[in-house]
Amino acid sequence: MVWTDNAAMFWFDGTTYRKVTDHNRAELSVAVERIENSQRMVNGTLRRYTVAKKRTWSTSWDMLPSTNSKVNGLKTVDGGWAGEDIEAFHNSTNGAFQMQLRRGDGTVETVTVMITDFSKDIAKRGIVDFWNLSITLEEV
């Protein structure tokens, strides 16, 4: 396996899992939220009922090519989705989808997520624009 085949995230687009680029990607942050009911009893003790633990993934890309252009050769270094691909997926996916997370040791975890936050800044204009993207995904 070469490094370009070892991307961290793959998103299911309805037919196949697509590689989301690691080109200038920041760290992939994971936060855990407990869905619970907690209450103090009359004697002061705390009772807590945990219904579920849900994870949230956040990441961003700096100076990400907006497109994998075949005309001028500017593209993501690993051939994964460029900015326009990520934005198009966000705009066309209103509900939950499958995401694969691949670790460096080859372990693959598949989770069902929804996009809860997406932002884009155009950092540089040119033959191919460069974008700063930020995305948050929440486990269903």
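For residues in the stretch 47-63 being hydrophobic (A, V, I, L, M, F, W, C) and open to solvent by 70 Å² or more (accessible area, probe 1.4 Å), which is farthest from A82 (Cα to Cα)? Can you show your working first?
Taking the stretch 47-63 as the starting set, the residues that turn out to be hydrophobic (A, V, I, L, M, F, W, C) are 51-52, 57, 61, 63.
Add one more test, that the residue is open to solvent by 70 Å² or more (accessible area, probe 1.4 Å), and what stays is 51, 63.
Numbers: V51: 38, M63: 11 Å.
Ranking the candidates gives V51 first.
The set of residues in the stretch 90-116 being buried (at least 18 other Cβ atoms within 10 Å of the Cβ) and assigned to a helix (DSSP H, G or I) is empty.
The residue pairs whose first member lies in the stretch 30-56 and is in contact (Cβ under 8 Å) with a residue 40 or more places away in the chain, whose second member is open to solvent by 90 Å² or more (accessible area, probe 1.4 Å) and aromatic (F, W, Y), and whose beta carbons are closer than 9 Å, counting only pairs six or more residues apart or on different chains, do not exist in this structure.
Residues in the stretch 117-135 that are open to solvent by 50 Å² or more (accessible area, probe 1.4 Å), of a type in the set (V, I, T) and in contact with a Leu (Cβ under 9 Å, 6 or more places away or on another chain): I127 alone. Checked across the stretch 41-53, the condition of being of a type in the set (G, A, S) and out of contact with any Asp or Glu (no Cβ under 7 Å at 6 or more places or on another chain) holds for at least one residue.
So D78 passes all but one of these: (1) acidic (D, E); (2) at pLDDT 95 or above; (3) closer than 14 Å to T21 by Cα. Which condition number does it fail? The one condition D78 does not meet is (2).
Given the condition surrounded by fewer than 10 Cβ atoms within 10 Å (Cβ to Cβ) and hydrophobic (A, V, I, L, M, F, W, C), answer yes or no: does some residue in the stretch 67-78 qualify? Break it down into steps so the answer makes sense when it comes.
Start the filter on the stretch 67-78 by keeping residues that are surrounded by fewer than 10 Cβ atoms within 10 Å (Cβ to Cβ), which leaves 70-71, 73.
If we keep only those that are hydrophobic (A, V, I, L, M, F, W, C) too, we end up with 71.
Within the stretch 67-78, one or more residues are surrounded by fewer than 10 Cβ atoms within 10 Å (Cβ to Cβ) and hydrophobic (A, V, I, L, M, F, W, C).
Exactly one residue out of K53, K19 is within 18 Å of M99 (Cβ to Cβ), in a strand (DSSP E or B) and more than 18 Å from the chain's Cα centre (by Cα): that is K53. Counting the residues of the stretch 31-46 that are open to solvent by less than 90 Å² (accessible area, probe 1.4 Å) and in contact with a Ser or Thr (Cβ under 8 Å, 6 or more places away or on another chain) gives 4. What is the residue count in the stretch 56-72 for residues that are of a type in the set (S, T, N, Q) and more than 14 Å from the chain's Cα centre (by Cα)? Total meeting the criteria: 5.
The values are calculated or read from the model by the stated rules, or taken from the named source; none is laboratory data. Note that this is a predicted model, so its numbers are computed, not measured. Every residue, glycine as well, gets a Cβ built from its backbone with ideal geometry; the counts of neighbours run over all protein chains shown. We work out accessible area using only protein heavy atoms, side chains counted, and drop any ligands, DNA or RNA first. Shrake-Rupley method; radii C 1.70, N 1.55, O 1.52, S 1.80 Å.
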